[in-house]
1. For segment B:194-209, does any single residue satisfy the condition of being modelled with pLDDT under 95 and either more than 14 Å from chain A (Cβ to nearest Cβ) or surrounded by 24 or more Cβ atoms within 10 Å (Cβ to Cβ) (or both)?
2. From the set of residues in segment B:239-248 that are within 12 Å of B:Leu294 (Cβ to Cβ) and open to solvent by 10 Å² or more (accessible area, probe 1.4 Å), which is nearest to the chain's Cα centre (by Cα)?
3. Which of the numbered conditions does B:Val186 fail, given that it passes all the others? Conditions: (1) over 19 Å from B:Trp381 (Cα atoms); (2) in contact (Cβ under 8 Å) with a residue 40 or more places away in the chain; (3) away from chain A (no Cβ under 14 Å); (4) open to solvent by 10 Å² or more (accessible area, probe 1.4 Å).
4. Inspect segment B:382-391 for any residue being assigned to a loop (DSSP other than H, G, I, E, B) and closer than 18 Å to B:Ile118 by Cα and give the result as yes or no.
5. Name the residue, out of B:Val175, B:Val186, that is in contact with a Ser or Thr (Cβ under 6 Å, 6 or more places away or on another chain), assigned to a helix (DSSP H, G or I) and among the hydrophobic types (A, V, I, L, M, F, W, C).
6. Quick one: which residue in B:Phe78, B:Phe110, B:Phe82 is part of a loop (DSSP other than H, G, I, E, B) and aromatic (Phe, Trp, Tyr)?
7. From (1) under 18 Å from B:Ala293 (Cα atoms); (2) of a type outside the set (A, V, I, L, M); (3) without any contact (Cβ under 8 Å) to a residue 60 or more places away in the chain, pick out the condition that doesn't hold for B:Arg314.
8. Condition first: assigned to a loop (DSSP other than H, G, I, E, B) and of a type in the set (Ser, Thr, Tyr). Can you find one or more residues in segment B:337-359 that meet it?
Amino acid sequence: MKKLEAIIRPSRFEPVKEALLEAGIDGMTVSEVRGHGRQKGHTEVYRGNEYVIDLLPKIKLEMVVQDSQVELAVTAILNSARTGKIGDGKIFVSPVEEVIRIRNEDRGDNAL
Amino acid sequence: MPPHIDSGDNAWMLVSSALVLMMTGPGLALFYGGLVRKKNVLATMMQSFALMAVVTVLWAVFLFSLCFASGNGVIGGFGNLFLNGVNGAPDPDYAATIPLQTYMIYQLMFAIITPALISGAFAERMKFSAMLVFTILWSVIVYAPMAHMVWGKGGLLNASLGGKIPTLDFAGGTVVHITSGVSALVCALYMGKRVGFPRTPMQPHSVVLSFIGACLLWVGWFGFNAGSALAANSLATSAFVATHFAAAAAALGWAGMEWIRNGHPSVLGGISGAVAGLVAITPASGFVGPMAALVIGLAAGVVCYLMVAVVKSRFGYDDSLDAFGVHGAGGTLGALLTGVFAKSWVNAVFKDAKGNALPSGLLEGNAGQLMNQAIGAAIAWGLAIVGTLLILKIVDATIGVRVTEEEELQGLDLSQHGEEAYN
């Protein structure tokens, strides 16, 4: 099992969600986050005072999938989240030791 | 003939009183509340709201008397302590067709909003207890003499009741805006910067709240200025028109300056400009025509923008919400321009022995009036600087003016009031 964490543009969230559902990934956790990588922020001016807003709003998707689904999910995210400009975000993939469903204590792939 | 109460005049003045109260709460409270960070919004609103209660009690007990009872040229006497003698009969010296009690409640609303305006300078760092003591002392030491000099019987600067240096101030440019704006600057300099200023971003937490507040201020200002005619007459209409035109021109002036300099006209710039225009037209509103109002408004929008965006950052003081840049600068500009643009056809305030109108302002050939306006403004500046500094020293030496750094970082909502705005 692998955990996928994808940081994406808020404006691409709906297309990414749909692409993942089509790819058969039916569980995810979504958070509104702030951050930046290479993309620099923008400036806002209030009464002549300039503020550099360097942490930009992003959406973070987290999902745990079977090993066989990883490439499918990654491809779905890549195709739906990409605009080609700096700031499209990243996908992190990491191993997961165990998954336990709280309701009935299913473990492993059965719990996904 | 006994004095006659005009029901139309009285109705208008009661409505105006309510409009001016609405300027403080919710108008100013929202305007300032939106400009601070979200950990300080309730504390900022409370500074306005608390004054609605505190100044009212002071006014009833002795403050009205100090402002408006007969006294000397500088301060009123004790003739109206506990509102003694303030009842349904008019006082023809002030307003011949409305009860003195109406005049009293109308003037109270001005005494409430004036110290509330100062709170823009010490926002986000003053102790609530210190703010209460400061504004109580300020109302007595700065506001009462200034109101008496300009509007009170026998006041030194009172143009319509025989002052020695007649100054034109229709609705409180010197009494309200110069005193509060200059006191705000003194507070900002004395208290020092907010922790982290100017490196930490301190953007307004809700320009939406500020927008609603500024629009309520605009509407309330009709009570402030047109109400200062003290009757529902053609002068009230004239002041209403001048007030509205100045606000509109100033909004364009400020937002236009931003558009030229930053590439964007901002909402905050538009509403700040409107407020600056309303400030500047306040002393002039009952003396100038509509075209002069447009000029005064445009000038206020541009000048106040430059004060806030250029001068403030050059000197580096932390006038958190620009009480000085808008009220001090706008009020002074308005006081001077009143001396330029005042016209006798709008309001024949000066008359010769036969009752013929004499020239009012510089453009009509009364150059001396500009000098009188400058003297009036200078007295307001001087009184505000000395009075505010003295009061700050007293408060600082006794209970301390500023919250601790820890309380400031936590936010005044929690540390001063034990509650949070958004849960």
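The values are calculated or read from the model by the stated rules, or taken from the named source; none is laboratory data. Values in this document were obtained by computation on a predicted structure and should not be read as measured data. When we count neighbours, we look across all protein chains shown, and the Cβ atoms used for this are built from the backbone with ideal geometry, even at glycine. Accessible surface areas use protein heavy atoms only, side chains included; no ligands, DNA or RNA. Shrake-Rupley method; radii C 1.70, N 1.55, O 1.52, S 1.80 Å.
1. Scanning segment B:194-209, I find at least one residue that is modelled with pLDDT under 95 and either more than 14 Å from chain A (Cβ to nearest Cβ) or surrounded by 24 or more Cβ atoms within 10 Å (Cβ to Cβ) (or both), so the answer is yes.
2. B:His244
3. B:Val186 satisfies every listed condition except (1).
4. no
5. Selected residue: B:Val186, the only one of B:Val175, B:Val186 that is in contact with a Ser or Thr (Cβ under 6 Å, 6 or more places away or on another chain), assigned to a helix (DSSP H, G or I) and among the hydrophobic types (A, V, I, L, M, F, W, C).
6. Numbers: B:Phe110 fails: part of a loop (DSSP other than H, G, I, E, B); B:Phe82 fails: part of a loop (DSSP other than H, G, I, E, B).
Answer to the check: B:Phe78.
7. (1)
8. First pass over segment B:337-359, keeping only residues assigned to a loop (DSSP other than H, G, I, E, B): B:342-350, B:352-356, B:358-359.
So of that shortlist, the ones also of a type in the set (Ser, Thr, Tyr) come out as B:344.
The answer is yes; a qualifying residue exists.
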